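Structure first, commentary second.
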Amino acid sequence: MVVAELRRAGGHTAAALDAMREAIVTAVTTGHGVRPAAVHLGPPGTLSVITGGTVRRGAAWDLLRREC
């Protein structure tokens, strides 16, 4: 599973979001040999990070469970 934030909020068509998801799937599959089960894209500020900029994985997982 891949969770990513968009650089800017709004203004994305469904086709553009689908193209982004497909590009992410292709990059992960090519680079790591594993196809992600899902790709979730959110607006800026969706993912909680610690001071060093690392994503708080537990918080991201909790967010996914609430949204899906």
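The values are calculated or read from the model by the stated rules, or taken from the named source; none is laboratory data. The shown structure was predicted, so the numbers you read here are calculated from the model rather than taken from an experiment. Here Cβ is always computed from backbone atoms with ideal geometry, including for glycine, and neighbour counts include all displayed protein chains.
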### Query
How many residues, within segment 11-34, are among the hydrophobic types (A, V, I, L, M, F, W, C) and either in a loop (DSSP other than H, G, I, E, B) or more than 22 Å from Val55 (Cβ to Cβ) (or both)?
5
### Message
For segment 22-38, give me each residue that is of a type in the set (Ser, Thr, Tyr) and either in contact with a Cys (Cβ under 6 Å, 6 or more places away or on another chain) or farther than 21 Å from Leu64 by Cβ (or both).
### Response
Thr26, Thr30
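Do we have any residue at all in segment 5-14 that's closer than 16 Å to Arg57 by Cα and touching a Lys or Arg at 6+ places or on another chain (Cβ under 8 Å)?
no
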### Query
Here are some conditions: (1) surrounded by 10 or more Cβ atoms within 10 Å (Cβ to Cβ); (2) in a loop (DSSP other than H, G, I, E, B). Ala37 meets all but one. Which one does it not meet?
(1)
### Task
Kindly establish whether Arg8 is assigned to a helix (DSSP H, G or I), loosely packed, with under 13 Cβ neighbours inside 10 Å and more than 11 Å from the chain's Cα centre (by Cα).
no
### Any chance Gly58 is at pLDDT below 95 and part of a helix (DSSP H, G or I)
yes
